[in-house]
1. Show which aspartates and glutamates lie in cross-link reach of K161 when reach means a straight Cα distance below 19 angstrom and same-chain residues fewer than eight apart are skipped.
2. For S36 and K2, compute 0.36 nm times the residue count separating them, minus their Cα-Cα distance, and round to one decimal in nm.
3. Can you work out the Karplus-derived ³J(HN,Hα) for every residue in segment 141-153? Use 6.51 cos²θ - 1.76 cosθ + 1.60 with θ = phi - 60°, whole Hz, and x for glycine or proline.
4. Lysines near K192 by alpha-carbon distance under 22 Å, same-chain residues fewer than 8 away left out - which ones?
5. If every alpha-carbon in segment 39-120 counts as one equal scatterer, what log10 I(q)/I(0) does Debye give at q = 0.12, 0.24 1/Å?
6. Given 5 Å bins starting at zero, what is the percent of C-alpha pairs of segment 1-42 in each, up to the one with the largest pair distance?
7. Rounded to a whole number of µm²/s, how large is the Stokes-Einstein D of segment 115-170 at 10 °C and 1.306 mPa s, given Rh as the Kirkwood radius over C-alpha pairs?
8. Given the Cα atoms of segment 138-246, and with Rh set as the inverse mean 1/r over their pairs in the Kirkwood sense, what is Rg to Rh to two decimals?
Amino acid sequence: TKLLSRAEMLANPKAVEKVKEEATSLTDIGTWDLDSVQEYDAVKAEAKASKVSVHFGRLMTIASIKFWELAEHLHKMKGRIVYRGDCARDENGVAAVYEELGANPTSVQGLNACLAYGSLPGHACTAADAVKAYVQAFLKSKYKTWIELPPELRPEWWKGKFTRPVVLLVRALYGHPDAGGMWENHLKRILKKMNGEEIPEYPGNFYFKGTGLMLSTYVDDLTLSGPSEHHAPFWNQLMSEVNVEP
């Protein structure tokens, strides 16, 4: 993958198009709230007056070309939008302090145990990816997070109306220090509701007593093993609550 510089991205119509497509997919699920737009100074003043802290951050757009080493017709442009956790501040200009919700994905040993279990007679292994995993979870931070959008993502009607517009970040966007932990907690709640029990020796792996299934989770990679006849019903039930690829 070749990462484009910001200048290269803005000079490449395909790159800008892919970034805007990514922005549309994120705003369609309410990752940030455009209707909450306010002036940075107004939000800052309100936080100081109310003595209720807030966080201010920025989004960054990224464009890259996958399969760069191959012939040009095989290149694939990708657009990404992330939260810049390196420059977040509170209303007093002090570096933002996060909850540091550590994610605990499966280990190689845990996944190997899952694959071995799926290799038993009458068992099988199936796998799928969660789509845009992190932003399936809401950003349940201690403090509200206000973000500045890069110029290419700002609505046209903002021009001339705002000097430094900020909007609320609603979902756990990639780059936010707590995003991984919030996605993991979101997924765990759903799996426990499905009667899954996390295996103490293998964190990130869940056993379902009723069906004898075992699910190994590594961020957005989900690997299921156990009796073959229970796989399809399991995925159908999970996909009713989690956006998962086939």
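The values are calculated or read from the model by the stated rules, or taken from the named source; none is laboratory data. In this text, all values refer to a predicted model and were calculated from it rather than measured experimentally. When we count neighbours, we look across all protein chains shown, and the Cβ atoms used for this are built from the backbone with ideal geometry, even at glycine. The area values use the complete protein model at the heavy-atom level, side chains included, leaving out ligands, DNA and RNA. Shrake-Rupley method; radii C 1.70, N 1.55, O 1.52, S 1.80 Å.
1. Result set, ordered by chain and number: D33, D35, E39, D41, E148, E152.
2. 8.7 nm
3. Karplus-based 3J(HN,Hα) across segment 141-153 equals 7, 5, 10, 5, 10, 9, 10, 9, 8, x, x, 6, 10 Hz.
4. Counting by Cα, and skipping residues close in sequence, K192 has these lysines nearby: K132, K140, K209.
5. These q points yield log10 I(q)/I(0) values of -0.72, -1.07.
6. That works out to 5, 19, 17, 16, 16, 17, 7, 2, 0, in percent per bin.
7. For the chosen part, D equals 100 µm²/s.
8. 1.15
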